[in-house]
Structure formats: structure tokens, C-alpha cells
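Colleague: Let me give you the structure first, and then I'll get to my questions.
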Amino acid sequence: MKVSMSVNGRQVSGEAEPRTLLVHFLRESLGLTGTHVGCESSYCGACTISLDGKAVLSCTMLAAQADGADITTVEGLAQDGELHPVQEGFWERHGLQCGFCTPGMIMSAVTLLEENPEPSEEEIRRGIEGNLCRCTGYHNIVQAIEYAGARMRGEEPAPAEWENA
Amino acid sequence: MSSTSVLGGVVRRREDPALIQGRGRYTDDVKLARTAHVAFVRSPYAHATVGAIDTSAATAMEGVVAVYTAADTDHLGPLIAQVPVGALRPLLNNGTVKHVGEAVAMVVAEDPYVAKDAADSVEVDYEPMPAVVDLKQSLSDEVPVHEGASNTLISWVGPFGADEAALAELQAGIEAAKQRDDAVVVSQEMTNQRLIPVPIEPRSVLADYQAGYDRFDIYSSTQIPSALAGAIGKYFGMSMNQVTVKAMEVGGGFGCKLNVYNDEVLVAFASKQLDRPVKWTETRREAANSTIQGRGWVATATVTGTTSGEVLGFELEGIADMGAYSQNFTVAIPFLGLFVGSGQYGFPTYWKMDCVTTHTMTTDAYRGAGRPEAAYYLERIMDMYARRIGMDPAEVRRKNYISSSDFPGAVSPMGFPMDTGDYTTNLDAALEAAGWSDLLAERDAARAEGRHVGVGLATYVEVCGFGPSGLVDLGFSWAEYQMPSAFNGSSLVRVHPDGSATVSIGTGPSGQGHQTTWAQIVGDGLGLEVDRIRVIHGDTEEAPPSIGSFGSRSAAVDGAACYEATGKVRAKAARIAAHMLEASEADIEFADGGAHVAGAPDSSVSWGDIAACAYQPHRLPEGMEGGLEAHAIFSPGNATWPFGTHIAVVEVDPDTGDVDLLRYIGMDDCGNVISPMIVDGQVHGGIAQGIGQAMFEDAVYDADGNLLSGSLVDYILPTAADLPSFELDRTVTPTDVNPLGVKGIGEAGTIGSAQTVVNAVVDALEPLGVTHIDMPLRPRRVWQAIQDARA
Amino acid sequence: MYPRPFEYVLPSGLDDALDALDANPGAKVLAGGMSLLPMMKMRLLSPEMVVDIGRIAGLDQITDNGDSISIGALVTHSEVAASGLVGEHGAALATAASWTGDRQVRNRGTCCGSMVHADVAADQPAAALALGATMVAASSSGTREIAAADFFVDTLMSALEPNEILTEIRIPKVGAGTGSAYDKLGRRGGHTDYAVAGVAVSVTRSNGSVSAATVAVTGVGNRPVLVGEVADALVGSDGSDAAVEAAAAQATCGIEVLEDLYGSVDYKTHLAQVFAARAVKAALASAA
């Protein structure tokens, strides 16, 4: 069957089987391999994308269900060579190590800050509980999201912990 | 290190721009034309004979390319292991399967969906047999895992190198101590449960055999590219230089990608048979039964001490679960525990672990690998001892430490020389950072209000950074993988004609920031901007053979090789610069992208100038060869022995058993620090995995050998909402075994943390009479322990 | 990770969807997909046909019917959790929805889907029971209303027939003096993940005593159930802590408590009592 959708601001279409998962359509048909598959039980969040402005699991949707949707993947965040503040935060605050959970984590954080521009640490931690990271212990991910939140609010981010040392 | 050193400073990671934009390339992202996809048929039984395998439906399915069984692959032999004690894994098994998930057949199809359809259609006749899962039952040899063989593969007994007479004398001494009037003996059997490593990237391999050139490109999510190249070569009668392994971005490893797996060999086999690229990416539930697991010990720890806190002897006796087959390190993992069996203490220690097989997936290296287990038993029983004699747990540790004045030259009671250590300074720093006496007062105040707050402390010493070339003589060699080169570090630094530089190195990182750290070392040594330095790792075509990244070894071993290769290049460049500037070589300094004469910054040449000269031999000093590059092999004189102190604060809801982790303080000492940012990140992640073991994670098998927690629904990993922010600081006791003074840090957080949390929870429940709870401290267990203590 | 092949049907209206179900007894209804698709990916379930109701107009609303509110088949957990109407008349359900899954799951998964899936450890079915919800099931032969108390039949089994779609959950509105609450212990502790044990409660106070109560327990048996004994013990009491705790002690009356990885029979029995007391106290506080 044919499916069409807007991905990162571009109208795309392609062939998919009914059973083709959206994440496989993005990765295999569109070549957008930034969105990752980390589990099969819909628990890890590595496949998180923004669909019509909401964080969703692209591994737990059929490509067919996304027909006509407006999708942003991690590849679509940077604009004109400028990183999204969340991407910048992850870079500035060492919010990633192996990087595999990172695209999903970033998409989760982007949508979280869109919904709640000034989250507390607890709200950040609850907001990303659907994204498993095995490398960072989440410590610097929280720092990265706080950094991004400050940037998006037009505030100066708090200095990095290592800058205080 | 120069005074303007970038070492110790903070540099944003060079690997990040690709990764944060979804442009990193992991194995499953690689697409080659005509790639076929693999799915495996796996045993649903833990122990069964395999009868007829009917592949006809699969073969007939549209899109299926081939179906292979053991009849096709047995000629390749079993999976090789570095420490080949015990039965080796058949690549595919048509005899007697030994664990759930063992591969019985391999299907290759045009598409991964079709491959899975076809694998599901393969019919296998199994004759199930009784399985052995329990370690004590295995030890009894009542049910053999492998017909005709004892389930006990090896028993590791320490101190290392002690003969029977010495061991008897040691044990007699501890027995005598137990008879003293002031003797206190505390003993506890404890389980250190099996864990599933779960890097978020599943393992993946793509093999591309090129018949025209009789060579392989193997893309794999591996920590050990060189060993994989050697192994693939060995299976197919090729030299390792006919196999290029590319481990590009690796999405976490934690030891479980420190194996050559049967699936890697089988995918290569299929590619060669079919003359096309073949790919396999494991699914998460498949990974639970086909990627190695870790831990899995049951042991009894006993401390014999005086009423005043002097420990007279420590004994650990137990059983370690090897799973069904030996893979890369399997039986060696408990031996790594033996290395640190006596921790940072000087008291006599007797240590014995029986390594037994079970009808379960193989165990091997998982973050810490033997050392978290050893530290767990030691620090839990030390805590119980402190509690028994009513002494501050920090003071009991302090009384029994090996003194800093014993370094250099300290030899652990387990018989190993240790590099450097200053345990008391580290302990004091941790107590200060945590506000120890205030913490205890706050805990007591909370208790007075009827709350169940606990404070836990544990200290550890680790051994890592392997290591000395002489390990080969102890049997630790990679010869099975066509790599007789032991554990040396290896690095090649080349300055190009335009003055840019490339460092190629045999590490196989999975998130440790090597793109950044090696560039820092080279940039610091050459006074060259980091942006002009390219780092190549995880690629056996480009990098000198090394053994990859594991055991917290990369900085201390390959990093040291990188440092030494850089030094060689700088020495040659200094001669060239001195020649160009007509100055004395001794006066040449490197900074700001070039060399200048000390005290005369205007008298300078850029790296471009130096390189141009180096590639024009007629301009060089007489007798000097052209070119500007150097290779260094580094073999340290010893492993490194990092250490630290961790403190946790918890509150328990005794009505539900729910544990709330309120604070976590880590004070680690890994010697000199190249990048504080990266080191802290390693500790954060390590602690989270230790907390994961303490509170959440559990590979639960039923008596028939079925893994009940094989998906992430039931294998509970900590989420952001489950953890606090961590409070980290460090002491710095440089090692003397490498020129950088660095010790490993990748595993330290994990080695220090599980027992810290358990100590805190037991402390919280002390007023209720709880003395021990086995991990994971899920609410169910905590509540049950309270009920049992009340009964 | 790779579902088996199936036929995909995308009806534009409810009638088409119901016709498809009639014609294909092996068909499954797909709404948010948060329960169905993971089972299909793991091949624990392989329907011949999937009827995607995701684009049927009118099913995505929470509506005020005057004396009740309706939650349509496509209303997500996050919409339920954020709804002022649900918060006012069914706080227990809003809380349960906010503790279901994670943010991504709550953005796609539906309240109705959670009911139909009937997981033994799901949160929202308990709230629906306590709130006296009515399930509205449509089939090609019309609609029928099923009381929540009759809806949860067994493990992963609801009273819905294969040819029916749960189009709506109806919750009666409540007035001053009535409050509801849900509390639980999640598998990873706190409120996250599936319930090891969870209790939803609705209570009404009048003249200083409890005049009405319903109590539902999830996570401990083969299905979420109403426990009349707790409610009966509460009604007529003064709602004091002692009265609440005495009532809560009967939290598993009539339930065959089942052991799993997360709790023994004793532990789950105890937890049900603990959370019955906590939820009743919270409900009473909100009813004041």
C-alpha cells in the first residue's frame, strides 16, 4: 500500500506492507536511520519521534497509521545549520555517551519542553521515563534538558558542574 | 604533560554532532546493495535432544534465500573461546541443545520480516530432558549439563599462587582466630543475581564477502574488532588481513560485546556461501537468550574479627554460574573477582569459587565482571560486622585498610602487587563530601519520628587496565583469535604533509568518548589544535592491531600507547624544527599549532612547515628518514588499581517495601584525569548499573530453564524517574604504571554501588531487625524481609 | 519485532468498521495500538485482519452528557489525565491514566483500549469499576451497555464480543460530597509501571458519615474487581482512620490472589489492604 506523510517538513510517500512498522518505514524506505530500534516491547523509547507535535513510539505504529501525519525525527531538528537548543544542551552537558538512545531521548525532551517550558527536575525525570539510557545514569541528560529549557526561555543556562569544580 | 595542557580540561565531545543529529552510523544503519537478512530458529527448551528439522516450508517461502542447519556448518567447528575450559558452543546445534534460545537453524531471506516468517515455519522435533538451573544442584552433578562431564569446570582458590600447604596454614590461622575470646564471627550466604547487560543498541552484524578479492568486510557492533577479524579469518582459512572489521558507532557494550559470537561467524558463512552481503540484528527478547549475561553467584562470606574492629580473617566460598557453554572469558570472570577478593584491606583472606555449568545462556563479562561480585560480598559482610560490634562502618574500614605507606610495593593478601593507593584520604574525602556525621544525625532524627531512613557506605578497590604483556604466561592470550599479542595497547600517530594529524588506535569504544580523548592526548603532545586531528578506531584496516575496549583499559593502555607514539613524533618534529630554526633541539617548544624557540615566540614554524619539510627529505637534517609518524606498543608493568568510597541515603516505606533512593555520593580515585566531564559520565553510568542490580534487575529462570524476565517489560531497568542526581567528587592518586598516571574508570561506579545501596536499606531497617536482603531490593523482597525479621 | 502478515482495513465510519468485524471473526480492532501492536510484534498475537478505527470521526472526544461524561474510543490516556471533566467527576480515572505507561504510551494509548485489553495489572479498569462506569459497545446489530462490574471477565478477557467495538465509556457525574481516588504500587516502586496492587475508590459523605462507597482492586487476581466487603464496611462508618483501616483489611475478600514475579500471595494481599486504606483516605479527603 502507498503511504504519504510529511517528514521533517518534506512531503514523502512510499510503499509499505500493512505490517510495516513506522520505524522501519522511516529507516529503510526513507533512509532516516537516526530513529533507532532498541527493544520490541515498546519500553525503551529509542524510536521516539514527534508525530503531530506529540512524542510517540514509531516502533508501535504501523506506517499506515501515520499516513497523512506531520512527523519530525531527530534529523529534522537542526535548522539552517543551527542545532536545536536540546541538541545543543546534550552536547554542552555531555548528555550522551554511546548515542544510541539519544535521538529518542532528544525527541522526548523536545516535546516535553514544548508542553512544559519550565519543568522541575522531577518533571524532567518523569517526562523522560519512557526513554531508557544505559550509559549516563540520566544525570547529565537532566542537566542537558535544564540547559535547553533555559536557552529556550531566553535565560542563561546554569554553569556545568565541571565548570564549578 | 605541558603546563598549557588540554589534559584535565573540558572539551566538548567530537563524536556528538553526528550523534545528536541522528547522523551517527551504527551497524544496523549500514545498507549494502543485495543485502539478505537472517533470522534464527532457536530452542524453546533448556535441555532437549534435537530430532528431525523440517525446513521445507521455509525453503518454499517466497523471498527465502537459504536455510542452514548444523549439517551445513559443523565443519567450521565450535565457537572459539579465549579460556577454553568446558564445553564450547556449537555454531548451530542438531545434537542436544543446552539452553533456551540456542540456535538450531539459520534462515536467510530478502527481508527481515520474511526471514522471521520463515524461521517460525521451521519445524523441529525436540525430546525435552530435565534441566539444571540451581547452582547447588549443579554442583552436586545430579543432572549433568554435558553428558559424561562434571558440571564443575574449575575452582578458583586464593590467595593466588598459594600451594595446598599455604592454604591449609591460612585456613588454620583463621580457624584459630575464631577461637579467641574477643572473636566475633559474622557469616552470611548471599546471592549476587544474574543480570542481562542490555546495551540499548542490540547486537548487529553485517558480513560482506567479496569473492573477487577473497576477503571480508565485517560490520559489527563489537568491542573487540581485531579479535573478530582474527576469528573470522581462522574459521575461513584466511589471514586476519583478509578480514576488515568495522565497528563504527557501538551503542553501548558493557562487556556483552566483548565476545566473538556464533551469529557473527554464521552470518559471515552465509555471506560467503551466497556471495552477497548478509545482515542480522538481534531482537531484544532474542538478545536475552543469545547474548551473554553476567554475575550469577551464590556464596557465603564470613568475617572473623575482634570486638574492637580488627578483622582477623575473611573467607568467601561459593558457586558461580557459567551457563551452558564457555565463550570468550567465561570461567575467567570469577578469577577477576579473586584478584580483588581482599579489597583494599590487609587481612588474611581465603577465597574459593566453584564455576559450574547450568542449562542457561552463557555468562561472561558484564560491567565489572567478577569485581562487583567480589566487592559486594566483602563490603556487605564488613557492614554486617560493623553493625554487630556497634562500630561506625567507616571506622571499621579505616582500621583494616592497607596503609598508604605500604605503597609503592604493596602486595594484596590475594597475592597481587598493587600500583598505588591512599584509601584513608579517599574515605575521609567521601565522609566530608557527604557530611557523614550530619547524615547520621539526620537519620537518627528521622528514626525518632518513626521514619525508616538509612545511610549506607561501601568502599572498594578495583583492578583494571589489563595489562601487562606477561598475562600471556598466565594463560590469558588471544591466540585462539589469531592474536597472540595479549593485552598490549597500540597506537599510530601520523602527521600529514599539510600539518594535520591522524591517530589510529585499536580501541573499540561504545560511548567512552575516544574521538575526543585521543585527540586531546595528541593535541596536547604536539601543541596542535584538536580540530586538526582525526581519530580512527574500531577499524582493523586502518588501525594497528589491539585488543579493543573492555576492562577499563583503553586510557591506561592504548591511551598510553597514543601518548608514547605522540612523544616519538614530537621528538622527531623537534629535531626538524630545530634544524629549520637553527636552534638547539632542547629549546624547541610546541604550542599554538607549531613549534617555537623557548623565549622567542616569533622564531617559530607551523606544523604545516614542519610536515612539509618532513616529506622533503633533502631538507631534513643529515641522516634523518623522511615522513613524520610513529607507532607505539605499550605494555604496562601492572594493571591499575582504582578505588573509592560510595555513600547512599534511602528511605523505606515499611508498609509496602518501597525504597526511595534520596542521595548518592561517589568519591572515586582513578588517578590523573584526562577529561573530568567524561570521567564523571562514566561514573554516573556505572553507578546507575550498580543501582540497577541493587534495586531492579534480575534475570529470573524457572526450574525448567525458561527465562521469565527476557523482555524489558519484566527485566526492569532503572529509568530517570527511579534515580536521583549523583553527587560526585574525586581524590587523585596517580598510578606509576603508565606515563599518563591514569587508572581505569569505566567500571568503578558499578563496582562500588550495589552494596552501598543494600547497606543503606539494611541500615534503614535495622530497627526492625533486618540484617540482610538479597538483591534486587524490589518492594516485595524488602517487605518480606521485614515480615521475616518480625516473625 | 516483525508482526505476521495481516489484512489492513481502514474504515471511514463506524458502520464500515463493524461490517468488517462481522465478516472476519479473526479481526482485531486497532485504536492507539499500545497493547495490540507490542503483542503482534512479539507474535504473541497474529490476527488475520486489523481494523484501524483511528480515523473514525467523533470517537476522539470527552463529552458532557449532562448527567454523565463520555470518553470516546480514541481518547488517549494523556487526554483523560488532563481532562478537567474527568478530574472533577472521576479523579480516580484521571490519576490512573496519568500513571499508565510512559509519556509516549499515554500519547497514543486509549482509555477504551485499556479496558478492552483487560490486563490484570492495568490501572484504569479499577477506576472504571469504582466510578460505576458504563461501557458502550457497538455492533452491526446496535449498541448495548455493559456495566463495568460485568465487563472484566478474566485475564485479558472482557465481555466485549469479537464483532463489537467499545465506542464509549460513560461515567456518572458526581456532586459535592463525593470524591474518588486511585493509589497503587508500581512494579518499579512508586507509581510507575504496571500495578503490583492498585485500588480505586469512590466515596460519598453525608452528615459526617460515609453514605456510599465503591472499591475496586487491580493487580492481585486474574482481573480487576469490585470488592463489596470493603465498601459495605465503609458505608455507615464515620470515615475515621480506624474505620477505614478496618474496612481496608477486607480488600481481597472474594479474590483469588495470584503470585507473580512482583509479589507473593501474602504480599499482594497486604498491599491491596494498604492501598485500599490509602485510596479511601484520599477519596474521603477529596469528598470533604
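The values are calculated or read from the model by the stated rules, or taken from the named source; none is laboratory data. Here the structure is a predicted model, which means the values were calculated and not measured. Cβ: placed from backbone, ideal geometry, glycine included. Neighbour counts: every protein chain shown.
Colleague: Within the range C:42-56, how many residues are out of contact with any Gly (no Cβ under 8 Å at 6 or more places or on another chain) and surrounded by fewer than 19 Cβ atoms within 10 Å (Cβ to Cβ)?
Modeller: The number of residues fulfilling the criteria is 5.
Colleague: Follow-up. Give the range B:127-142 a look and list any residue that's surrounded by fewer than 17 Cβ atoms within 10 Å (Cβ to Cβ) and within 29 Å of B:Ala39 (Cβ to Cβ), or say none.
Modeller: B:Glu127, B:Pro128, B:Met129, listed by residue number.
Colleague: So, in the range B:250-303, how many residues would count as being away from chain A (no Cβ under 14 Å), out of contact with any Leu (no Cβ under 6 Å at 6 or more places or on another chain) and assigned to a loop (DSSP other than H, G, I, E, B)?
Modeller: The qualifying residues number 6.
Colleague: Go through the residues of the range A:98-108 one by one and say whether even a single one is within 14 Å of chain C (Cβ to nearest Cβ) and without any contact (Cβ under 8 Å) to a residue 40 or more places away in the chain. If you could, list the steps in order and put the result at the bottom.
Modeller: The initial filter retains those residues of the range A:98-108 that are within 14 Å of chain C (Cβ to nearest Cβ), namely A:101, A:103-108.
This time we only want the ones that are without any contact (Cβ under 8 Å) to a residue 40 or more places away in the chain, so: A:106.
The answer is yes, given that some residue of the range A:98-108 is within 14 Å of chain C (Cβ to nearest Cβ) and without any contact (Cβ under 8 Å) to a residue 40 or more places away in the chain.
Colleague: Contact list please: Cβ distance under 6 Å, first residue in the range B:143-171 and over 18 Å from B:Gly341 (Cβ atoms) and crowded, with 16+ Cβ neighbours inside 10 Å, second residue acidic (Asp, Glu) and modelled with pLDDT of 95 or more, pairs at least six apart or on different chains.
Modeller: B:Asn151/B:Asp141; B:Thr152/B:Asp354
Colleague: Something else about it: Among (1) part of a loop (DSSP other than H, G, I, E, B); (2) within 14 Å of chain A (Cβ to nearest Cβ), which single condition is B:Ile547 missing?
Modeller: So B:Ile547 meets the others, but not (2).
Colleague: Shifting gears a bit: When you look at C:Ala277, is it surrounded by fewer than 19 Cβ atoms within 10 Å (Cβ to Cβ) and within 30 Å of B:Pro776 (Cβ to Cβ), yes or no?
Modeller: Working: surrounded by fewer than 19 Cβ atoms within 10 Å (Cβ to Cβ): no; within 30 Å of B:Pro776 (Cβ to Cβ): yes.
It is false that C:Ala277 is surrounded by fewer than 19 Cβ atoms within 10 Å (Cβ to Cβ) and within 30 Å of B:Pro776 (Cβ to Cβ).
Colleague: I need every pair where a residue in the range C:201-217 that is assigned by TED's automatic domain parsing to the domain that holds C:Cys253 and part of a strand (DSSP E or B) has its Cβ under 9 Å from the Cβ of a residue that is aliphatic (A, V, I, L, M) and modelled with pLDDT under 95, sequence separation at least 6 or different chains.
Modeller: C:Ser202/C:Ala287; C:Val203/C:Ala287; C:Thr204/C:Ala287; C:Arg205/C:Ala287; C:Arg205/C:Ala288; C:Val210/C:Ala287
Colleague: May I pose another question? What about A:Glu146, is it without any contact (Cβ under 8 Å) to a residue 40 or more places away in the chain and either among the charged types (D, E, K, R) or within 12 Å of chain C (Cβ to nearest Cβ) (or both)? First the steps, then the outcome.
Modeller: Numbers: without any contact (Cβ under 8 Å) to a residue 40 or more places away in the chain: no; either among the charged types (D, E, K, R) or within 12 Å of chain C (Cβ to nearest Cβ) (or both): yes.
No: the conditions fail for A:Glu146.
Colleague: Please work out if B:Val198 is touching a residue at least 60 places away in the same chain (Cβ under 8 Å), over 30 Å from B:Gly685 (Cβ atoms) and crowded, with 24+ Cβ neighbours inside 10 Å.
Modeller: Details: touching a residue at least 60 places away in the same chain (Cβ under 8 Å): yes; over 30 Å from B:Gly685 (Cβ atoms): no; crowded, with 24+ Cβ neighbours inside 10 Å: yes.
Judged against the criteria, B:Val198 is not a match.
Colleague: Can you tell which of A:Val56, A:Val86 is assigned to a strand (DSSP E or B), closer than 13 Å to A:Asn131 by Cβ and either within 13 Å of chain B (Cβ to nearest Cβ) or modelled with pLDDT of 95 or more (or both)? Show your work before the answer.
Modeller: Values: A:Val86 fails: assigned to a strand (DSSP E or B).
None of the others qualify; the one that does is A:Val56.
Colleague: Okay, next question. Here are some residues: C:Gly179, C:Gly198. Which one is within 14 Å of another protein chain (Cβ to nearest Cβ) and assigned to a strand (DSSP E or B)?
Modeller: Details: C:Gly179 fails: within 14 Å of another protein chain (Cβ to nearest Cβ).
Exactly one residue qualifies, and that residue is C:Gly198.
Colleague: Sort out which residues of the range B:677-704 are more than 17 Å from the chain's Cα centre (by Cα) and farther than 26 Å from B:Thr516 by Cβ, and write them in order of number.
Modeller: Hits for the range B:677-704 are B:Ala694, B:Met695, B:Phe696, B:Glu697, B:Asp698, B:Ala699, B:Val700, B:Tyr701, B:Asp702, B:Ala703, B:Asp704.
Colleague: If only one of B:Gly465, B:Gly435, B:Gly454, B:Gly409 is buried (at least 16 other Cβ atoms within 10 Å of the Cβ) and at positive phi, which one is it?
Modeller: When all the criteria are applied, what remains is B:Gly465.
Colleague: If you don't mind, another one. Name the residues in the range A:109-126 that are in a helix (DSSP H, G or I), more than 11 Å from chain B (Cβ to nearest Cβ) and either surrounded by fewer than 20 Cβ atoms within 10 Å (Cβ to Cβ) or at pLDDT below 95 (or both), would you?
Modeller: Hits for the range A:109-126 are A:Glu114, A:Glu115.
Colleague: Now for a separate question. Being at pLDDT 95 or above and touching a helix residue (DSSP H, G or I) at 6+ places or on another chain (Cβ under 6 Å): is that true of C:Val244 here? Can you show your working first?
Modeller: Working: at pLDDT 95 or above: yes; touching a helix residue (DSSP H, G or I) at 6+ places or on another chain (Cβ under 6 Å): yes.
In short, yes.
Colleague: Checking the conditions here, which among B:Leu740, B:Leu707 is away from chain A (no Cβ under 13 Å) and surrounded by 24 or more Cβ atoms within 10 Å (Cβ to Cβ)? Steps first, answer last, please.
Modeller: Working: B:Leu740 fails: surrounded by 24 or more Cβ atoms within 10 Å (Cβ to Cβ).
None of the other options fit; the residue is B:Leu707.
Colleague: OK, next. Looking at the range B:9-38, which of its residues are among the basic types (Lys, Arg) and more than 16 Å from B:His537 (Cβ to Cβ)?
Modeller: Step one: list which residues in the range B:9-38 are among the basic types (Lys, Arg), which gives B:12-14, B:23, B:25, B:31, B:34.
If the condition is that a residue be among the basic types (Lys, Arg) and more than 16 Å from B:His537 (Cβ to Cβ), then B:Arg12, B:Arg23, B:Lys31, B:Arg34 are the ones that fit.
Colleague: Continuing with the same structure: Please find, within the range A:5-19, the residue that is surrounded by the fewest Cβ atoms within 10 Å (Cβ to Cβ) out of those that are more than 9 Å from chain C (Cβ to nearest Cβ) and not in a strand (DSSP E or B).
Modeller: Filtering the range A:5-19 for residues more than 9 Å from chain C (Cβ to nearest Cβ) gives A:5-16.
If we keep only those that are not in a strand (DSSP E or B) as well, we get A:8-9, A:16.
Details: A:Asn8: 17, A:Gly9: 10, A:Ala16: 22.
Per the criteria, the residue is A:Gly9.
Colleague: Let me ask another. If you go through the range C:136-173 one residue at a time, how many are in a strand (DSSP E or B) and surrounded by fewer than 16 Cβ atoms within 10 Å (Cβ to Cβ)?
Modeller: From the range C:136-173, those in a strand (DSSP E or B) are C:136-139, C:142-147, C:152-154, C:157-158, C:165-172; that's our starting set.
Narrowing further to those that are surrounded by fewer than 16 Cβ atoms within 10 Å (Cβ to Cβ): C:142-145, C:147, C:153-154, C:157.
The number of residues fulfilling the criteria is 8.
Colleague: Related question: Considering the range C:17-65 alone, what residues qualify as being part of a strand (DSSP E or B) and either away from chain A (no Cβ under 11 Å) or acidic (Asp, Glu) (or both)? Talk me through it step by step, then tell me what you get.
Modeller: Residues of the range C:17-65 that are part of a strand (DSSP E or B), as a first pass: C:27-30, C:49-52, C:62-64.
Result: C:Ala27, C:Lys28, C:Val29, C:Val51, C:Asp52, C:Ile62, C:Thr63, C:Asp64.
Colleague: How many of the residues in the range C:182-194 are closer than 30 Å to C:Arg205 by Cβ and either without any contact (Cβ under 8 Å) to a residue 40 or more places away in the chain or in a loop (DSSP other than H, G, I, E, B) (or both)?
Modeller: In the first step, residues of the range C:182-194 are kept if they are closer than 30 Å to C:Arg205 by Cβ; the result is C:182-186, C:190-191.
Next, only the ones that are either without any contact (Cβ under 8 Å) to a residue 40 or more places away in the chain or in a loop (DSSP other than H, G, I, E, B) (or both) stay: C:190-191.
Selection size over the range C:182-194: 2.
Colleague: Something else: For the range C:7-35, which positions are surrounded by fewer than 22 Cβ atoms within 10 Å (Cβ to Cβ), touching a residue at least 60 places away in the same chain (Cβ under 8 Å) and in contact with a helix residue (DSSP H, G or I) (Cβ under 9 Å, 6 or more places away or on another chain)?
Modeller: C:Ala27 - this is the single residue of the range C:7-35 that is surrounded by fewer than 22 Cβ atoms within 10 Å (Cβ to Cβ), touching a residue at least 60 places away in the same chain (Cβ under 8 Å) and in contact with a helix residue (DSSP H, G or I) (Cβ under 9 Å, 6 or more places away or on another chain).
Colleague: Moving to a separate point now. Quick check on C:Asp15: is it touching a strand residue (DSSP E or B) at 6+ places or on another chain (Cβ under 7 Å) and farther than 23 Å from C:Asp193 by Cβ?
Modeller: no
Colleague: For the subset of the range C:77-108 comprising residues that are of a type in the set (Val, Ile, Thr) and more than 17 Å from A:Thr48 (Cα to Cα), which member is farthest from the other protein chains (Cβ to nearest Cβ)?
Modeller: Step one: list which residues in the range C:77-108 are of a type in the set (Val, Ile, Thr), which gives C:80, C:86, C:95, C:100, C:105.
Cutting the leftovers down to more than 17 Å from A:Thr48 (Cα to Cα) gives us C:80, C:86, C:95, C:100.
Numbers: C:Val80: 15, C:Val86: 18, C:Thr95: 14, C:Thr100: 11 Å.
Checking each candidate, the answer is C:Val86.
Colleague: Quick one: which of B:Gln689, B:Gln693 is facing chain A (nearest Cβ under 9 Å), outside any strand (DSSP E or B) and buried (at least 21 other Cβ atoms within 10 Å of the Cβ)? Can you show your working first?
Modeller: Values: B:Gln693 fails: facing chain A (nearest Cβ under 9 Å).
Result: B:Gln689 is the single residue among B:Gln689, B:Gln693 that is facing chain A (nearest Cβ under 9 Å), outside any strand (DSSP E or B) and buried (at least 21 other Cβ atoms within 10 Å of the Cβ).
Colleague: OK, next. Search the range B:716-754 for residues being part of a loop (DSSP other than H, G, I, E, B) and of a type in the set (D, E, K, R), and hand back the single one that is nearest to the chain's Cα centre (by Cα). Before the answer, list the steps.
Modeller: Applying the first criterion (part of a loop (DSSP other than H, G, I, E, B)) to the range B:716-754 yields B:716-719, B:723-726, B:731-741, B:743-747.
Within this subset, residues satisfying the condition of being of a type in the set (D, E, K, R) are B:736, B:743, B:747.
Details: B:Asp736: 23, B:Lys743: 14, B:Glu747: 6 Å.
Ranking the candidates gives B:Glu747 first.
Colleague: Report whether or not B:Val184 is part of a strand (DSSP E or B) and surrounded by 13 or more Cβ atoms within 10 Å (Cβ to Cβ). Write out each step before concluding.
Modeller: Details: part of a strand (DSSP E or B): yes; surrounded by 13 or more Cβ atoms within 10 Å (Cβ to Cβ): yes.
In short, yes.
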